[in-house]
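Computed from the coordinates by the stated procedures, all read-outs in this text should not be read as laboratory data. The model shown is predicted, which means the values in this text are computed figures rather than measured ones. Here the Cβ is made from the backbone with ideal geometry for all residues, glycine too, and neighbour counts use every protein chain on show.
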Amino acid sequence: MKLSPAQTRLGSFALLLVLLAAWELASRASGLSALVLPAPSAVGKSLWMGLSTGYLWPHVQATALEVLAGLLTGCVIGFASGVAMAESALLQGLLKPYVVVSQVIPKLALMPLFIVWFGFGMAPTVVITALICFFPLMENTVTSLQQVDAQRLELFRMLGATRTQTLLRLKLPAGLPGILAGLRVAVVLALVGAVVGEFIGASKGLGALIIASQGMMDTPLMFAVLVVISALGLLLYQATLSLEKWLLAPYTRTS
């Protein structure tokens, strides 16, 4: 049985309602304090108060700006380095170990160093966000460009295509789905990087607000912030899917 997109969305929403109802009942039946497990109704009230009074909006704006700046920086670097390494085996051999090292080091361990270098505020969070999200796009770009069909590459060589023409007219169009898959992963990790960066080096932002709510022992507010982060992540992911659909539309029509 195959469901339509509308039916799938309706089913997903119904599942959400069931989970929220079960959470509400479990919270009330267990008698746990709101400090341990707030009911969805308490979380919703805290979320509404934060949005209606404007308390949450500056933090949402700060995190959104950090995510967009870090994502843009990381994607530009990741795509450019991915293309360069895919086109040059020598460059890939020289740079790949350093790229891997940059990813295996825990980012929280680097955050104090970034604060020393760039100071408090948005800059260190943008740097750590870019560092986290550039790798999936770079890796997918390298893999996608190197897995182009060998027969088509040979055809381009026989036709006398230059290296640039082969890249622009064959490799990039053929590797676009894989590259965009890396972009989807980068978008999700960019939000994670921004929130993690705000845990240490920011006084404003959703990550900083989580730490503040923990200090105030305001668990409903903490859950409300998590809801906002989830909504922001879903919005960014959906925007990426729309971009992917738009970029792949010409190739879908021709096929």
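By how many nm would the segment from Leu168 to Gln151 lengthen if fully extended, with 0.36 nm per residue of separation less the alpha-carbon distance?
Residue separation times 0.36 nm, minus the Cα-Cα distance, leaves 4.4 nm.
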Taking each full run of DSSP H in the chain as one helix, which ones are at least 30 Å long along their axis (Cα atoms) and have mean Kyte-Doolittle hydropathy of at least 1.0? 57-87, 122-146, 172-201, 219-254
Which stretch or stretches of the range 205-235 have amide N atoms under 17 Å from the point lying 7 Å from Ser33's Cα along the Cα→Cβ direction? 213-223
Given just the C-alpha atoms of the range 176-255, how large is their convex hull per residue in cubic angstrom? 80
Distant alpha-carbon pairs in the range 64-141 (separation over 17 angstrom), percent: 48
Residue-normalised 222 nm signal for the chain, counting each DSSP H run of n ≥ 4 as -39,500 (n - 2.57), nearest 500 deg cm²/dmol, is -28500 deg cm²/dmol
Counting other beta carbons within 10 Å of each residue's own, what order do Glu154, Glu198, Glu244 fall into, fewest first? Glu154, Glu244, Glu198
For the range 18-149, place one equal point scatterer on every Cα, skip the solvent, and apply the Debye formula. What is log10 of I(q)/I(0) at q = 0.13, 0.17, 0.19 Å⁻¹? -0.78, -0.93, -1.02
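With a 10 Å radius around each residue's Cβ, average the other Cβ atoms per peptide and rank 109-115, 42-48, highest first.
Highest-to-lowest ranking by the protection proxy: 42-48, 109-115.
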Can you tell me the mean projection area, over all orientations, of the convex hull of the range 10-89's alpha carbons? Units nm², please. 9.7
Expected sort for Leu32, Leu183 with the fewest Cβ neighbours (10 Å cutoff) up front is Leu32, Leu183
Quick one: plug the Kirkwood hydrodynamic radius of the range 86-230 (C-alpha pairs) into Stokes-Einstein at 20 °C, 1.002 mPa s, and report D in µm²/s. 120
Expressed as cubic angstrom per residue, what is the convex hull volume of the alpha carbon set of the chain? 173
